[in-house]
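For reference, the structure is listed below as structure tokens.
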Amino acid sequence: MARQRGLPEKYRPSIEDAEWFVNYWKGLPNYSDQELALDKLFMVLCPKNNCIEDILIKCSALNNFYSTNIFDIHTLASHILSLEIDARLKDGDYSLINDIANVEVNGKTHCFYSFATKYCSHHQPETYAIYDNYVEKVLLSLNKKEPFANFKKDQLKDYGNYMGVILSFRQHFGLSKYSIKELDQYLWQLGKWYYNRYGLYYRYYNRETESPFLKESVQSKFWWGEKKFVEGHLSVGYWKESGKEWLKEANEQIRDLAARLTPEQFGVVTYISVLYGKWCPYDDQSWLIEY
């Protein structure tokens, strides 16, 4: 049976699963190279925050790489400059996050909380954890099933509370070997895996080493195809576009299948079709419609 949206009922964080996600991150050039570029920018080229040019470059890079949707970069950069943040960054001042986050634009105060955590994290990655909606969903879900900290959703928007929850999470689940940055990578990817707003990419593969389905079953074929897709670090965007091309000449059953799936999921189906076309060229692939 294909998995459903949200953390599995019996899911419990473990070193094994954290290791899987941390290693997976390292194997994704679009993530790992991006982080290396930001590290160079924040820690080598522009480590200080005492001139508008340096802050503008850093804000623009974060906004582009993380798609944070900051609509007025210059106002935000000027706001950061006015706060004179370098000493507070060095001291690991948690109150700095909320000070950076609340920015007045055209007479209205906006809260760029997630951006503020990213900005501080890239200066001090082992002091400031990144807040993200995926991480929030994971923390709330896990705490409901197995309480590890006393908090409510709105309290995560107070950064001192948020860091307390992150540290309690790490201690409770025996993940002390992981740095704050590695916890960021684990929690964000875990949330993206189960709460992806574009729809789940992988309906059968769930990071198992062996197929949980009967050998030669249709489900096992889907599982193997998804596993190959994940392990190959393949581009969902590329296969999403390939799916669009396939639909131009596909039969009615395949078009009906595409209509039931997100474009991303159909992109994965497209990859599976190509993969099995190479493995089993005489297979008519009629089973694809059961995805």
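Observations on the structure shown:
- Extending 7 Å from Cα along the Cβ direction at Lys244 and again at Asp91 yields two label points whose distance is 5.2 nm.
- For the range 93-152, the list of GluC sites (Glu not before Pro) that fall in a loop by DSSP and count at most 12 other C-beta atoms within 10 angstrom reads Glu126.
- Backbone HN-Hα couplings from phi across the range 124-132 [Karplus 6.51/-1.76/1.60, Hz, Gly and Pro as x]: 9, x, 9, 10, 10, 7, 8, 8, 8
- Amide H to amide H distances under 5 Å link His110 with Val103, Glu104, Val105, where only residues 5 or more positions off or on other chains count and H is placed in the peptide plane.
- Qualifying trypsin sites (Lys or Arg not before Pro) in the range 188-291, where qualification requires a DSSP coil assignment and no more than 14 other C-beta atoms within 10 Å, comprise Arg197, Arg207, Lys215, Lys248.
- Computed [θ] at 222 nm, deg cm²/dmol, the chain (DSSP H ≥ 4; -39,500 (n - 2.57); rounded to nearest 500): -18000 deg cm²/dmol
- Largest-first principal axis extents of the Cα set of the chain (Å): 67, 41, 34
- Solvent-accessible heavy-atom area per residue, rounded to whole Å², over the chain at 1.4 Å: 52 Å²
- Taken over the range 1-127, the alpha-carbon convex hull comes to 161 cubic angstrom per residue.
- Evaluating 6.51 cos²θ - 1.76 cosθ + 1.60 at θ = phi - 60° for every residue in the range 225-238, the Karplus couplings come out as x, 5, 4, 5, 5, 5, 5, x, 6, 7, 7, 5, x, 4 Hz, glycine and proline recorded as x.
- Theoretical FRET efficiency, 1/(1+(r/R0)^6), r = Cβ-Cβ of Gln155 and Trp20, R0 30 Å, to 0.05: 0.50
- Protein accessible area in the range 146-198, 1.4 Å probe - carbon and sulfur %: 46 percent
- Solvent-accessible area assigned to carbon and sulfur over the range 36-121 amounts to 52 percent, based on a 1.4 Å probe.
- Partner lysines whose Cα lies under 21 Å from the Cα of Lys145, excluding those fewer than 8 positions away in the same chain, are identified as Lys10, Lys137, Lys153, Lys192.
- Reducing the range 100-165 and the range 69-83 to their Cα centroids gives an inter-centroid distance of 19 Å.
- Label-to-label distance, nm, for residues given as Ser217 and Ser78 (7 Å Cα→Cβ offset): 6.2 nm
- q = 0.15, 0.18, 0.22, 0.33 Å⁻¹: log10 I(q)/I(0) that the Debye formula gives for the range 78-117, counting C-alpha atoms only: -0.34, -0.47, -0.68, -1.18
- Projecting the Cα atoms of Gln253, Pro263, Leu187 onto the charge dipole of the chain (Cβ charges, centred on the Cα centre) puts Gln253 farthest toward the positive pole.
- Taking a straight line from the alpha carbon of Lys177, these lysines sit under 21 Å away, with near neighbours fewer than eight places off in the same chain left out: Lys26.
- Filtered trypsin sites (Lys or Arg not before Pro), the range 1-108: DSSP coil and at most 10 other beta carbons within 10 Å: Arg5, Lys10
- Here Glu231 sits with roughly 100 square angstrom of accessible surface, probe radius 1.4 Å.
- The 3J(HN,Hα) values that the Karplus relation (6.51, -1.76, 1.60; θ = phi - 60°) gives for the range 239-246 are, in residue order, 6, 5, 5, 5, x, 4, 5, 4 Hz. Gly and Pro appear as x.
- Pairs of Lys residues in the range 203-291 that lie 8 or more places apart, or on two chains, and have C-alpha atoms under 25 angstrom apart add up to 17.
The values are calculated or read from the model by the stated rules, or taken from the named source; none is laboratory data. Here the structure is a predicted model, which is why all the values come from computation and not from measurement. Note that we place each Cβ from the backbone using ideal geometry, even for glycine, and neighbour counts take in every protein chain shown. These accessible areas exclude ligands, DNA and RNA; they are computed on the full protein's heavy atoms, side chains included. Shrake-Rupley method; radii C 1.70, N 1.55, O 1.52, S 1.80 Å.
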